[in-house]
1. Carbon and sulfur atoms: what percent of the 1.4 Å accessible area of chain A do they account for?
2. Residue separation times 0.36 nm, minus the C-alpha to C-alpha distance between A:Val38 and A:Leu82: what's the value?
3. Once the mean 1/r over all distinct Cα pairs of chain B is inverted, what Kirkwood radius in angstroms do you read off?
4. Taking amide H positions as placed in the peptide plane 1.01 Å from N, state which residues far from B:Leu48 in sequence (5 or more) or on other chains have amide H under 5 Å from it.
5. What lysines sit close enough to B:Lys61 to cross-link, taking a C-alpha to C-alpha distance under 24 Å and skipping anything fewer than 8 places away on the same chain?
6. So who's got an amide H within less than 5 Å of the one on B:Ser100, skipping anything under 5 residues away but keeping other chains? H placed 1.01 Å off N, in plane.
7. Return a whole-number percent for the relative contact order of chain B, with Cα pairs under 8 Å and 6 or more residues apart as the contact set.
8. Taking R0 as 30 Å, what FRET efficiency do you get between B:Ser14 and A:His10 from their Cβ-Cβ distance, rounded to the nearest 0.05?
Amino acid sequence: DAGVTQSPTHLIKTRGQHVTLRCSPISGHKSVSWYQQVLGQGPQFIFQYYEKEERGRGNFPDRFSARQFPNYSSELNVNALLLGDSALYLCASSLVVGTANYGYTFGSGTRLTVV
Amino acid sequence: AQSVSQHNHHVILSEAASLELGCNYSYGGTVNLFWYVQYPGQHLQLLLKYFSGDPLVKGIKGFEAEFIKSKFSFNLRKPSVQWSDTAEYFCAVNEAGTASKLTFGTGTRLQVTL
């Protein structure tokens, strides 16, 4: 059974460019969340999607956007990249039944470097 | 708003020493609690979680954690660490009974020496 898969694994972009990161959840998981992990810190919540609807948004600028597709995969988009956007971007999928969340499984992440 | 504090930023232990990593959270309601581990170059892996019931939770690789509601704490313990336990450990919390986001602490870097 495949875990959470993220692509690409590494990415180097120039300031001002746009980037799209992709995530495929575990089969059967309908909730996908995105986190940013800056070196030396804990992951910070960016977005959560459930059944293709945004269910939560963290304290990130409007340059960050995301969406979830009918197959429950997800994309995170970041426009007008800044040096400070350099981080490990993590995707997590979770099994949600009713209002109960049965825990999160994380992917290996995409390491984004902005130069 | 939820917050999580991990007061030990960097811990160095010798093999076979006992481990206790502190985690305190701030939230007015009922929470789910998690400990994740991140080995060098690897992704976050769930060590253990507490949803309800017995406050002493056993996880993988010999780790355990105790939820003390009155102290808002969820400390991670292991009786005897191994060199392979060298990693970063993160405590996290979310609101119980919801599909809400995880709030993470800043992490504790554990270094186990031979």
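The values are calculated or read from the model by the stated rules, or taken from the named source; none is laboratory data. Since this is a predicted model, take the numbers as computed values, not measurements. No Cβ is skipped: glycine too gets one built from the backbone with ideal geometry, and neighbour counts run over all protein chains shown. When the accessible area is computed, the model is the full protein with side chains, heavy atoms only, and any ligands, DNA or RNA have been set aside. Shrake-Rupley method; radii C 1.70, N 1.55, O 1.52, S 1.80 Å.
1. Details: 2740 of 5430 Å².
Of the solvent-accessible surface of chain A, carbon and sulfur hold 50 percent.
2. Working: separation 44, 0.36 × 44 = 15.84 nm, distance 1.34 nm.
Between A:Val38 and A:Leu82, full extension yields an extra 14.5 nm.
3. Working: mean 1/r = 0.0707 Å⁻¹.
14.1 Å is the Kirkwood radius here.
4. Long-range HN contacts for B:Leu48: B:Trp35.
5. B:Lys61 reaches B:Lys49, B:Lys78.
6. B:Glu95
7. Relative contact order of chain B: 38 percent.
8. On the way: r = 35 Å, r/R0 = 1.17.
Given R0 = 30 Å and the Cβ-Cβ separation, E is 0.30.
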